[in-house]
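What follows is a single structure, written as structure tokens, with notes after it.
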Amino acid sequence: MKTIIANWKMNVGVRESVALARATLLTLRGRKQIPELVICPPLVALSETRKVVAHSAVSLGAQNVFWKDAGAFTGEVSGRMLTELGVSHVIIGHSERRAHLGETDAMVNLKVLHALEVGLIPIVCVGETRDQRNGGRALEVVREQVLAAFKSARLRSNDRLYVAYEPVWAIGTGEACTVDNALETHAMIRDMLAKQFSGDQLKVLYGGSVDGENAYGFLREREVDGVLVGGASVKINQFKDVVAAASEVLEAQHD
Ligand code: 13P
């Protein structure tokens, strides 16, 4: 199964989210094989968007979570509160939060542990900056982020866990990394986590300037379990092509 995650970021309000959710649902229509599809609207739109995707093949994800169940944490939202809204997946440690909101590896780890505790599927984002890549440190940086994120994490038999390799320099730039670059990093991530989690519980995704043109090249690789899509997920014509690419890969596997 391939997975497509739509990270709408802070690009759409409540009404636009509802319309986009409807349009996203339509991208699955008439397809013989459909990928797992998760849409992640802004927090304020979760409730209304849920009404659109309820009883459909589309799942709901959040873009962030706090690591406590309840208490005096102004502005924060717990995993349990998200599950009350029908949320099943949550993005954790996105590079935009690491860069603009000071989210650290230690915070990412607390969020991962909390998400697993309440039964949410964490989508943990890791990736190097351009300077780190130019300095030859890309794999080392990703390794450190992965090690820190999953410290002390244990999965129960039904738990699942996604890691999204999103090189920071590829996000929103129109410059996706090469498939070979993604494969090398995915293999390292899978290898690192093989001792801690079983293979069928872990998915490794690629994110960073994925669009209708390049999605197939990533998705056809066995090592790539799916894609995390930002900009192209709010442009429905682009997104339709990403979904079509995943369906094409699934149909080829099915034949
Ligand atoms: P873009 O697809 O816009 O590069 O964003 C990727 C991303 O950050 C998804 O989480």
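None of the figures in this text is laboratory data; all of them are computed from the coordinates on show. In this text the structure is predicted, and so the values were computed from the model without any measurement. For neighbour counting, all protein chains shown are included, and Cβ atoms are generated from backbone atoms with ideal geometry for every residue, glycine included.
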Q.
Can you tell me what share of the DSSP beta bridges in the stretch 1-115 is antiparallel? A percent to the nearest 5 is fine.
A. 0 percent
(Q) Would the stretch 1-44 count as rounded, prolate or oblate if I go by the C-alpha gyration tensor, calling it rounded below 1.5 in a/c and otherwise prolate when a/b exceeds b/c, oblate otherwise? (A) oblate
Q) What order, most packed first, do the peptides 167-175, 27-35 have when packing is the mean number of other Cβ atoms within 10 Å of each residue? A) 167-175, 27-35
(Q) Can you give the local net charge around Thr104? Use residues other than it whose beta-carbon is closer than 13 angstrom to its beta-carbon, Lys and Arg +1, Asp and Glu -1. (A) +1
Q. Counting alpha carbon pairs within less than 8 Å and at least 6 residues apart, what relative contact order, in whole percent, applies to the stretch 34-180?
A. 19 percent
Q: Please give the length that would be gained between Glu76 and Arg220 if that part of the chain were fully extended, namely 0.36 nm times their separation in residues minus their C-alpha to C-alpha distance (nm, one decimal).
A: 48.0 nm
**Q.** Fraction of beta bridges assigned by DSSP in the chain that are antiparallel (%, nearest 5)
**A.** 0 percent
Q) How many angstrom separate the Cα center of the stretch 210-255 from the Cα center of the stretch 81-115? A) 25 Å
Q: Hand me the tally of lysine pairs in the chain: alpha carbons under 21 angstrom apart, and the pair either on different chains or 8 or more positions apart.
A: 16
Q: Determine the shape class of the stretch 113-171: with a ≥ b ≥ c the square roots of the Cα gyration tensor eigenvalues, call it rounded for a/c under 1.5, and otherwise prolate if a/b is greater than b/c, oblate otherwise.
A: prolate
Q | Residues with amide H under 5 Å from that of Lys2, placed H, sequence gap 5 or more | A | Glu36
**Q.** Descending semi-axes in whole angstrom, ellipsoid equivalent of the chain, from the Cα gyration tensor
**A.** 24, 23, 18
Q: List the residues whose amide H sits under 5 Å from the amide H of Ile91, counting only those 5 or more places along or on another chain, with H placed 1.01 Å from N in the peptide plane.
A: Ala62, Gln63, Asn64, Ile123
Q: Sort 223-236, 61-74 for me by packing, meaning the mean count of neighbouring Cβ atoms within 10 Å per residue, highest on top.
A: 223-236, 61-74
Q.
If R₀ is 41 angstrom, what is the calculated FRET efficiency for the pair Leu139 and Lys32, using the beta carbon separation as r and rounding to 0.05?
A. 0.60
